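Asker: The structure is given below, and queries will be raised subsequently.
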Amino acid sequence: MKIAPNKVVTMHYTVSTTEDVQIDSSRDGKPMSFLHGQHFLIQGLEDALLDKQAGDKFVTEVEPANAYGERHDELIQLVPKSMFEGMDVEVGMQFRATTDDGEQSVMIIDITDDEVVVDGNHPLSGVTLKFDVEVLEVRDATEQELAHGHVHGEGGCGH
């Protein structure tokens, strides 16, 4: 059976930068299962999986436009340190911030005496990703999985 929308795919993966810096991997643990076509994965990886089948192994590179997008300098802002009054802030901390465009995740990337520099870009924006994938299983989704839009484990999903 080939991978297509609404098929359940189980796979192992390793994702790294094009400089071979590993970001994540399922190979030392449980494989990942997902319902293809439900935007669980970044678009570039979903596209690369189309028409693959159990037993297929491949490596693909996904450009930022089909992953986490390009970096946008305007999403980096200086915020007065006084806005974090009473908080122990450190570089790398993430927060939800209210913006003119609604809620947005930001990460602290620098702290000075008076200001905190926050970045609203996804940490992997602007990065070309390399995926090393092994497709383990492809099956039809159950009616319940299709109705819920996600894969259920043994015994259902509890909702």
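Asker: By accessible area of protein heavy atoms, probe 1.4 Å, what ranking do Ile109, Ile3 get, highest first?
Answerer: Output order, biggest surface exposure first: Ile109, Ile3.
Asker: Would you work out which of Ser16, Leu146, Gln94 lies farthest towards the positive end of the dipole of the chain? Charges go on Cβ: Lys and Arg +1, Asp and Glu -1.
Answerer: Of the listed residues, the answer is Leu146.
Asker: Need the full-extension length gain, Arg71 to Glu19, defined as separation in residues times 0.36 nm minus the C-alpha distance. One decimal, nm. Don't skip to the end; give the middle numbers.
Answerer: Values: separation 52, 0.36 × 52 = 18.72 nm, distance 1.83 nm.
Between Arg71 and Glu19, full extension yields 16.9 nm more.
Asker: Report the gain in length on full extension from Glu61 to Asn6: 0.36 nm times residue separation, minus Cα-Cα distance, nm rounded to one decimal. Provide the component values of the computation, followed by the final result.
Answerer: Working: separation 55, 0.36 × 55 = 19.80 nm, distance 2.36 nm.
Extending this stretch completely gives an extra 17.4 nm.
Asker: Calculated from the structure, Kirkwood radius over Cα pairs in Å equals which of (1) 16.2; (2) 15.6; (3) 18.2?
Answerer: (3)
Asker: Let me ask another. Report, in deg cm²/dmol and to the nearest 500, the calculated mean residue ellipticity at 222 nm for the chain, where each DSSP H run with n ≥ 4 adds -39500 (n - 2.57) and the sum is divided by the residue count. Before the final figure, lay out each step's value.
Answerer: On the way: 2 runs with 13 residues, N = 159.
Helix contribution divided over all residues of the chain: -2000 deg cm²/dmol.
Asker: Let me ask you something else. How much length, in nm to one decimal, is gained on full extension between His150 and Thr99, taken as 0.36 nm per residue of separation minus their Cα-Cα distance? Before the final figure, lay out the partial values.
Answerer: Details: separation 51, 0.36 × 51 = 18.36 nm, distance 3.05 nm.
Residue separation times 0.36 nm, minus the Cα-Cα distance, leaves 15.3 nm.
Asker: Extending each Cα 7 Å along its Cβ direction at Ser26 and Gln43, get the distance between those two points in nm, one decimal.
Answerer: 2.2 nm
Asker: Now for a separate question. Report the one residue of Thr112, Pro80, Gly69 whose Cα lies farthest in the direction of the positive end of the charge dipole of region 13-159 (charges on C-beta: Lys and Arg +1, Asp and Glu -1; origin at the Cα centre).
Answerer: Value computed over the given set: Gly69.
Asker: How large is the Kirkwood hydrodynamic radius of region 3-72, in angstrom, based on all distinct alpha carbon pairs? Provide the component values of the computation, followed by the final result.
Answerer: Values: mean 1/r = 0.0764 Å⁻¹.
About 13.1 Å, per the Kirkwood formula over Cα pairs.
Asker: Which lysines have a Cα less than 28 Å from the Cα of Lys52, not counting those fewer than 8 places away in the same chain?
Answerer: Lys52 reaches Lys2, Lys7, Lys30, Lys130.
Asker: With charges set only on the Cβ (+1 for Lys and Arg, -1 for Asp and Glu), what does the dipole of region 50-144 come to about its Cα centre, in debye to the nearest 20? Provide the component values of the computation, followed by the final result.
Answerer: Numbers: 7 positive and 23 negative charges, 65 e Å.
My answer is approximately 320 debye.
Asker: Magnitude of the Cβ-charge dipole of the chain, K/R +1 and D/E -1, about the Cα centre, nearest 20 debye?
Answerer: Values: 11 positive and 31 negative charges, 179 e Å.
Result for the chain is approximately 860 debye, rounded to the nearest 20.
The values are calculated or read from the model by the stated rules, or taken from the named source; none is laboratory data. These figures come from a predicted structure and were not determined experimentally. No Cβ is skipped: glycine too gets one built from the backbone with ideal geometry, and neighbour counts run over all protein chains shown. Each accessible area value is taken on the protein alone, full model and side chains, heavy atoms only, with ligands, DNA and RNA left out. Shrake-Rupley method; radii C 1.70, N 1.55, O 1.52, S 1.80 Å.
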